[in-house]
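Q: Take a look at the following structure, please.
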Amino acid sequence: MYRFDIFAAQLARVHEQALEFLRDTLELYWRCAFVVVMSDLSLQSLDDLNLDEASRPKAPPVPEATDTHRRQGKQLAFIHRHYLMEMAKIGAVLARIEAGDTPPEDLRRIVLSLDMAENFKAFGSLCGHECQILKMHHDIESMQMFPRIAAAGGGKFMDVVAKLKAEHEVVHELIIRLGDAADALQADPVEANFAKAAATYRKLEEVVRSHFRYEETELAEAIGYYLGSI
């Protein structure tokens with residue numbers, strides 16, 4: 001005989017779990033929304049666009065994670081290394097342009113045009129391309145990886161995910177500024193536009209390196225155990 005009382009109890013448990021998940025999801029949304037709207041990043045100076053590293057929460061341990069899970073979680077670090085290598089190459093081009101006729105030994109392999117305006121344009125083009133690549137990477141994380149991790153482990157990673165999403169907003173603002181600076185430099189390759197693009201690029205690289213370290217360190221176990229791969 002079918003036991004409706006058992007079915008009702010099971011349905012109630014499922015309903016309660018669904019409500020708990022919804023509450024956790026809404027809590028994460030409002031945390032992230034508050035961080036984003038509490039200040040207009042576009043109004044801040046370049047020097048003030050920072051990640052507030054001191055406020056970074058630590059991810060809780062995943063006791064069930066094995067060494068295999070941790071190795072799987074390091075996939076994110078490998079992906080980050082690729083982006084950082086590309087940024088380092090652009091940084092080398094920047095340093096070579098700034099060195100002019102007296103480059104240090106390690107930069108002499110980078111051959112510049114005799115026309116400095118062409119070098120400025122080339123740097124602007126590299127910056128514009130890097131902006132597109134970084135934005136795509138962060139969009140994938142925000143839309144696919146972060147929601148899955150936030151929902152994992154009973155929501156215990158929500159604080160870390162909220163902080164990472166807030167840091168993405170800072171990176172995104174810098175990407176916008178660098179994209180604008182790159183466009184201006186290609187349209188008008190003069191010293192002032194080059195200096196602005198160079199300063200913005202260096203700020204972006206500094207912020208991205210810090211953000212990558214935090215993200216890949218705190219999420220390694222969670223990625224390996226809850227996601228398996230990315």
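Q: Please list, ordered by first then second residue, the pairs with beta carbon atoms under 8 Å, 6 or more apart or interchain, first in the range 57-68 and more than 14 Å from GLY228 (Cβ to Cβ), second in a helix (DSSP H, G or I) and among the basic types (Lys, Arg).
A: PRO57/LYS163
Q: Considering every residue within the range 152-169, establish whether at least one is crowded, with 19+ Cβ neighbours inside 10 Å, under 22 Å from LYS89 (Cβ atoms) and either of a type outside the set (Val, Ile, Thr) or free of Cβ contacts under 8 Å to residues at least 12 places away in the same chain (or both).
A: No, that holds for no residue.
Q: Of the residues GLU167, GLU205, GLU141, which single one is modelled with pLDDT of 95 or more, among the charged types (D, E, K, R) and under 22 Å from PRO57 (Cβ atoms)?
A: The unique qualifying residue is GLU167.
Q: Any chance you could count how many residues in the range 100-147 are of a type in the set (Val, Ile, Thr), out of contact with any helix residue (DSSP H, G or I) (no Cβ under 6 Å at 6 or more places or on another chain) and outside any helix (DSSP H, G or I)?
A: 2
Q: Of all residues in the range 176-205, how many are surrounded by fewer than 22 Cβ atoms within 10 Å (Cβ to Cβ) and of a type outside the set (S, T, N, Q)?
A: Residues that pass the stated criteria total 18.
The values are calculated or read from the model by the stated rules, or taken from the named source; none is laboratory data. Keep in mind it's a predicted model, so treat the numbers as computed, not measured. Because the Cβ atoms are built from the backbone with ideal geometry, glycine has one as well, and the counts that use them run over all protein chains shown.
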